[in-house]
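Reading through the structure tokens given below for one structure.
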Amino acid sequence: MFEQLVSFAKALEQQTGLAQFWWGNVVMIAVGIAMIYLAVKKGYEPLLLVGIGFSCIISNVPGSDLILPGGLFNYAYQGVALLIIPPLIFFGVGAMTDFGPMIANPKLVILGAAAHLGIFVALIGAKALGFTLNEAGAIGIIGGADGPMAIFVTMKLAPHLLPQVSVAAYSYMALMPLIQPPVMRLLTTRQERLIVMKQSRKVSRLERIAFPIVIGVLVNLFFPPVAPLITMLMLGNLFREVLVTDRLAKTAANDVMNVIIIILTVAIGSTMAADKFLTIKTIEIVVLGLVAFLFGTASGVVGAKVMNLFLKDKINPLLGSAGIASVPIAARVSHIVALQENKENYLIYHAMGPNLAGVFGTAISGGIMLALLGVK
């Protein structure tokens, strides 16, 4: 009887995924649980981390067919791999975004450029570690903190690195409330953090409508490699600003965006299978991504401090860190750090200026990179 039970148990083991279970699965399942914990307990971008964490857990259950060709998670991944999802994300973001702060205070656009030093630091670091130039370019774009742009550029330059790059980009975006504040405080004095910004001018309706049209034309003219993303961003924004397509704008900003977020997070988490993810190359990419975020935050803050040397009306250097393209996460972090010093210092509206400029900064960096490497 005992022998029959043992035989039955062995047969059951062979028919399930238990035989293929190894320590790597345990590690990645723990990573998925940690993501969900940070989302639920700490409130770090739950819209991203819950979906990524859950699909990471399921993808590391041996025997699951969801990530195999024809599996449900694999279909979600195809939306990313075929570059369908990134433009749709930009479309939804455009419909949600008020570009007024950037239009009203165009000098803050400089901070959107200053905060992108991390892209080139990571690129150089990746090349020094032995990655090819195309791979280094894909890794460098993590520093722009723009998930859809990172996916888009990576699929053009080094599609085999998409799992590592997308996970690093979105994970660090979600963890920006942890990553950025120490750097911001280290590089600023309390007096600088207490600077109160003057109220911005009112932006006319004509400016708001003209902006997406003009930007759409310029991007397609000068930066065609990244035109699909910025074009959809501008289309979504135009739906918002003309005030006669409210139904379309609300659909793009809510229904479409919510569905796309679900598909995106499932797709990203599904790439985190232990056998493909737990490699030295992955560790190098994750570390380079962190370095890129740190340098980007620092260069934005320093850029704001340099600007203050020439400005009569000083700007709060915390705005510099918002030049990283993660909208609106980076702007929110600048706002929160300012509130911790003065509960009446509301920086969120002003921070959206460099934050939105950062989107264009990442797009320009990605476009130049693709053009120089001969990728269309």
Practice task
Anything in the chain that counts as a DSSP H helix reaching 27 Å or more along its axis (C-alpha) with Kyte-Doolittle mean of at least 0.0? List them, would you?
Solution key: 280-308, 348-372
Problem - Relative contact order, percent, the chain [alpha-carbon distance under 8 Å, six or more residues apart] - result: 29 percent
Problem - Shape category assigned to the range 116-264 from the gyration tensor of Cα positions, a/c cut at 1.5 - result: oblate
Completion exercise
Ranking 336, 119 from most to least accessible area with a 1.4 Å probe gives 336, 119
Problem - Part-to-part distance (alpha-carbon centres) for the range 141-171 and the range 254-268, which is given in Å - result: 17 Å
Exercise for the section: Please work out how much accessible surface residue 335 shows to a 1.4 Å probe, ignoring ligands, DNA and RNA, in Å² rounded to 10. Expected result: 30 Å²
Exercise for the section: Using a 10 angstrom cutoff on alpha carbons, build the Gaussian network for the chain and name the most mobile of 113, 30, 292. Expected result: 30
Exercise for the section: Report, to the nearest whole %, how much of the accessible area of the range 315-376 belongs to carbon and sulfur atoms, 1.4 Å probe, protein only. Expected result: 63 percent
Practice task
Could you look at the range 46-168 and say what percent of its accessible area is carbon and sulfur, using a 1.4 Å probe and all protein chains?
Solution key: 75 percent
Exercise for the section: Answer rounded, prolate or oblate for the range 228-275, using the Cα gyration tensor with square roots of eigenvalues a ≥ b ≥ c: rounded when a/c is under 1.5, else prolate when a/b is larger than b/c, else oblate. Expected result: oblate
Problem - Label-point separation in nm, residue 343 to residue 279, each point 7 Å along Cα→Cβ - result: 5.2 nm
Completion exercise
Within the range 273-320, DSSP-loop chymotrypsin sites (Phe, Trp or Tyr not before Pro) with at most 15 other C-beta atoms within 10 Å are 310
Completion exercise
Lys and Arg at +1, Asp and Glu at -1: neighbours of residue 311 with Cβ under 15 Å from its Cβ sum to +3
Handout entry: Surrounding net charge for residue 255, when Lys and Arg each add one and Asp and Glu each subtract one, Cβ distance under 14 Å
Key = +1
Problem - Over 20 Å [Cα-Cα, the range 135-221], rounded percent - result: 62 percent
Exercise for the section: With label points built 7 Å along Cα→Cβ from the Cα atoms of residue 178 and residue 132, find their separation and express it in nm. Expected result: 3.3 nm
Problem - Accessible area per residue in Å² at 1.4 Å probe, computed on the chain - result: 46 Å²
Exercise for the section: Could you check how many percent of all C-alpha pairs in the chain are farther apart than 36 Å? Expected result: 24 percent
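The values are calculated or read from the model by the stated rules, or taken from the named source; none is laboratory data. Since the model is a prediction, treat every value here as computed from it, not as a measurement. We place every Cβ from the backbone using ideal geometry, glycine too, and count neighbours over all the protein chains shown. Side chains are part of the model used for accessible areas, which takes the heavy atoms of the whole protein and leaves out ligands, DNA and RNA. Shrake-Rupley method; radii C 1.70, N 1.55, O 1.52, S 1.80 Å.
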